[in-house]
Amino acid sequence: LVYFSYNKLGDVIPDSNPPGRRQSAITVQRGKLSGAALTNVEEIFTGEWSTGSSGSRLAFGTDGFLYVSTGAPFGAATARDPSSVYGKILRLRDDGKPAPGNPFATKAGARPEVFTMGHRDQLGLTVHPSGAVLAAEHGPNGGDEVNLILAGKDYGWPTWTYGRNYDGTRMSSLPVTEGIEQPLVLWVPSIAPTGLTVYTGDKIPAWKNNLFVGSARRGEIPRTGGLERVVLNDKLEEIRRERLLDTLHQRIRDVRQGPDGLLYVITDEDDGALLRIEPIAL
């Protein structure tokens, strides 16, 4: 079965600014891959209509449930509101229904799919070999993060953030406070994080269990994308990091480990490419 998410197109909003703005709803579908065709495609989950949603990523956890990231970069007030699915990590069964045991399921008015809240714009989602779910999140201007996703936790957006407004002013007096989860990894200035993966192969032993995060650009400077390699200890604490592929001057959209134990990177350009990273032949 193939699972994918997208923003379903809704109605045009009357008197919208800019004119012609439409509503959208985060939607998850699945279908069966038969040869080169996707068959029996069905819609298994749809969120409420919104004007402030963004991208979404999917990952199946070691618990067998489907984790779905949603964004709230524009409708920021919804991010910490459990009655909305936006600005959240959702946890679903494989048929799209809420996973049992979700932390807000018994809260009046809350969406039972909500697993965590207070997220801005999450364009990377992966599962660590330990079973930990990790999400890459865009800050507004600085404050890009990788977060450890823990049931029922609040990650602060938009009230507490390391990011700034695009005119340089601070968005919050403090980046975090008691009860708000700290990021595992933080970037200031921004790197525009995209897909992420944990390397578990044997072809590049020195990179075993390292975290790789795509980057579309550094700061607000075009053509400065790359690939971030982050070394973590057994407690998922950062030890050091390295920036790769920045001399290509490409926007990196995603990074995955292939079945051959090598890393594959896809670029987001008019002449985009699929890259393979392999050891240097000695």
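The values are calculated or read from the model by the stated rules, or taken from the named source; none is laboratory data. Small disclaimer: the values here were computed from a predicted structure and weren't measured. A quick note on method: Cβ atoms are made from the backbone with ideal geometry, for glycine too, and the neighbour counts reach across all protein chains shown. Protein only, heavy atoms only, side chains kept; ligands, DNA and RNA dropped before computing areas. Shrake-Rupley method; radii C 1.70, N 1.55, O 1.52, S 1.80 Å.
Couple of notes before you dig in:
- Taking each residue of region 20-46 that is at positive phi and without any contact (Cβ under 8 Å) to a residue 60 or more places away in the chain and looking for partners that are surrounded by fewer than 18 Cβ atoms within 10 Å (Cβ to Cβ) and of a type in the set (D, E, K, R) with beta-carbon atoms closer than 8 Å, six or more apart or interchain, yields Asn40/Lys32.
- Within region 67-84, being surrounded by fewer than 24 Cβ atoms within 10 Å (Cβ to Cβ) and in contact (Cβ under 8 Å) with a residue 40 or more places away in the chain holds for Tyr67, Pro73, Ala76, Ala77, Arg80.
- Selected residue (criterion: nearest to Trp160 (Cα to Cα)) from residues of region 103-145 that are touching a residue at least 12 places away in the same chain (Cβ under 8 Å), assigned to a loop (DSSP other than H, G, I, E, B) and of a type in the set (S, T, N, Q): Asn141
- Any hit, region 222-237, residues being more than 20 Å from the chain's Cα centre (by Cα) and of a type in the set (A, V, I, L, M): no
- Residues in region 161-188 that are more than 22 Å from Arg217 (Cα to Cα), in contact (Cβ under 8 Å) with a residue 24 or more places away in the chain and either in a loop (DSSP other than H, G, I, E, B) or open to solvent by 40 Å² or more (accessible area, probe 1.4 Å) (or both): Pro175, Gly179, Glu181.
- Close pairs (8 angstrom Cβ cut-off, 6 or more residues apart or separate chains): more than 22 Å from Arg57 (Cβ to Cβ) and modelled with pLDDT of 95 or more in region 192-221, open to solvent by 10 Å² or more (accessible area, probe 1.4 Å) and hydroxyl-bearing (Ser, Thr, Tyr) anywhere: Lys208/Thr200
- Matching entry among Leu38, Leu90 (being of a type outside the set (Gly, Ala, Ser), assigned to a strand (DSSP E or B) and surrounded by fewer than 18 Cβ atoms within 10 Å (Cβ to Cβ)): Leu38
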